[in-house]
Amino acid sequence: MTPLPSDLAYVPFVSVENMMRLVHETGVETFLRELAQFIEEDFKRWPEFDKTPRIASHSADGVIELMPTADAENYGFKYVNGHPKNMREGYQTVTAFGVLSSVANGYPVLLTEMTVLTALRTAATSAVVATYLAPKNSQVMGMIGNGAQCEFQALAFRTLLGINTVRLYDVDPSATDKAARNLKAQGFEVIKCQSAEDAVEGAQIITTCTADKQYATILTDNMVGSGQHINAIGGDCPGKTELHKDILLRSDIFVEYPEQTRIEGEIQQLAQDYPVTELWRVMRGEAEGRRDQKQTTLFDSVGFAIEDFSALRYVHSKIQGTDFAQPLDMLADPDDPRDLFGMLARAK
Ligand code: NAD
């Protein structure tokens, strides 16, 4: 799948600036559509991957995580943080970078920024999942939490499902103003709402995308009508959830990797053996997605390493023969592989 660069010592590096160029050159909606295809392809071959819950280092203010996975040809990992307080200090809540390597010789074939890429892959994953779970002909999405991820989600849902109207709510009205401005400029019908309850009114899809390091209750049971699809993005750490437990008890719950979601997702509120459906099985036609228009479906999204692997694989495929990557002098390359010291000595 991944032809190695001719000079193994130089690793292609995609900076934030080049990632943004790549997205614009591709077109953001084409990028989301193609990325969604890569993600769906990888979900459909789920058993081929090495899988483990991500390795998390928790602190009072946030978490730093490593997310590794591999198939027979490539190994990938993402470094990512989640610090809700960062935003108030002028920094991103979530930043990330990632590496794709060749399994054959262990050499990295890509190092890339993944802050922008994570927003794109999270949105593409949510939208591709919703093609299996959301009511047919959904047009209106309620969006609670209008921070960094918000517009990416809206664009992915328009691209894959045809959403054209968003109902926005955030505890911070300036976040809603920002998202409204950006989404109007992208041609959305935008309704600014005064409460979460107002935002979900008449929506076929509800996206919760808040950041708060606590068991929050962004949605209570009385706010969710039958037949709605909930795309719950923000509850993704132990002690950090968004939905009241009663919503979980009456929804059909779909997850990425149960071993990780039971630790980090909304279902941390439920018994360890509570029944959930793995999305890869739905995509392979081995388990049912949406059965009827009355069913309440919930994607308990936490973000899994395979989605990042798909994103790395996609970016790697896009940069071949382009100037979107700079060669990074990252790996020692002595003429005689055993003479590493000689190379150092001669460099004096
Ligand atoms: P952000 O800090 O940029 O935005 C979060 C927004 O939520 C802020 O505008 C804040 O005012 C708002 N908010 C907080 N509490 C709220 C409440 N009770 N009601 C309404 N709004 C509220 O963060 P972001 O980068 O947009 O990320 C959002 C969440 O998504 C984070 O929790 C992050 O960890 C999570 N995330 C999940 C995935 C995934 O794969 N599931 C990927 C990326 C980010």
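No lab work stands behind these numbers, since they all come straight from the coordinates. All figures in this text were calculated on a predicted structure; none of them were measured in a lab. When we count neighbours, we look across all protein chains shown, and the Cβ atoms used for this are built from the backbone with ideal geometry, even at glycine.
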Response to the item:
D50 and N222 label points (each 7 Å along its Cα→Cβ direction) are spaced in nm at 5.1 nm
Worksheet entry | Nearest-20 debye value, the range 80-160 charge dipole, Cβ charges on Lys, Arg, Asp, Glu | 200 debye
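What FRET efficiency would be calculated for the residue pair S174, Y215, taking the C-beta separation as r and a Förster radius of 25 Å, to the nearest 0.05?
For R0 = 25 Å, the calculated efficiency reads 0.45.
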Worksheet entry | Euclidean distance of C-alpha centroids, the range 312-329 and the range 87-161, integer Å | 19 Å
Worksheet, complete the sentence: The answer for the net charge of residues other than N137 whose Cβ lies under 14 angstrom from its Cβ, with Lys and Arg +1 and Asp and Glu -1, is +3
Worksheet item: Among V315, I263, Q214, which residue has its Cα positioned farthest towards the positive end of the charge dipole of the chain, with +1 placed on the Cβ of Lys and Arg, -1 on the Cβ of Asp and Glu, and the dipole taken about the Cα centre?
Response: Q214
Worksheet item: For the chain, what proportion of DSSP beta bridges, expressed in % and rounded to the nearest 5, is antiparallel?
Response: 50 percent
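Set the Förster distance to 45 Å, then compute FRET efficiency between E41 and Q194 from the Cβ-Cβ distance, nearest 0.05.
0.60
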Worksheet entry | Charge dipole magnitude, Cβ of K and R +1, D and E -1 - the range 53-92, Cα centre, debye nearest 20 | 180 debye
Discussion item. Using Cβ contacts closer than 10 Å as the measure, can you line up T26, T122, T207 from fewest to most?
Written reply: T26, T122, T207
Response to the item:
Restricted to pairs 8 or more residues apart or on different chains, the lysines in the chain with C-alpha atoms under 12 Å apart form a number of pairs equal to 5
Worksheet item: What list do you get for L328, L243 if you sort them by fewest beta carbons within 10 Å?
Response: L328, L243
Worksheet, complete the sentence: Mean projected area (nm²) from the convex hull of Cα positions in the chain is 18.8 nm²
Practice prompt. Using only Cα atoms, find the angle between the long axis of helix 28-44 and the longest principal axis of the chain, and express it within 0 to 90 degrees, rounded to the nearest 10.
Written response: 80 degrees
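Quick check on the exposure proxy: order W280, W46 from fewest to most C-beta atoms within 10 angstrom.
Ranking W280, W46 by Cβ neighbours within 10 Å, fewest first, gives W46, W280.
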Worksheet, complete the sentence: Magnitude of the Cβ-charge dipole (Lys and Arg +1, Asp and Glu -1) of the range 188-279 about the Cα centre, nearest 20 debye, reported as 160 debye
Worksheet entry | Dipole of the range 1-142 [Lys/Arg +1, Asp/Glu -1 at C-beta], most positive-end residue of A104, I55, V23 | I55
Practice prompt. Calculate the length of the line joining the C-alpha centroid of the range 180-247 to that of the range 289-311, in whole Å.
Written response: 15 Å
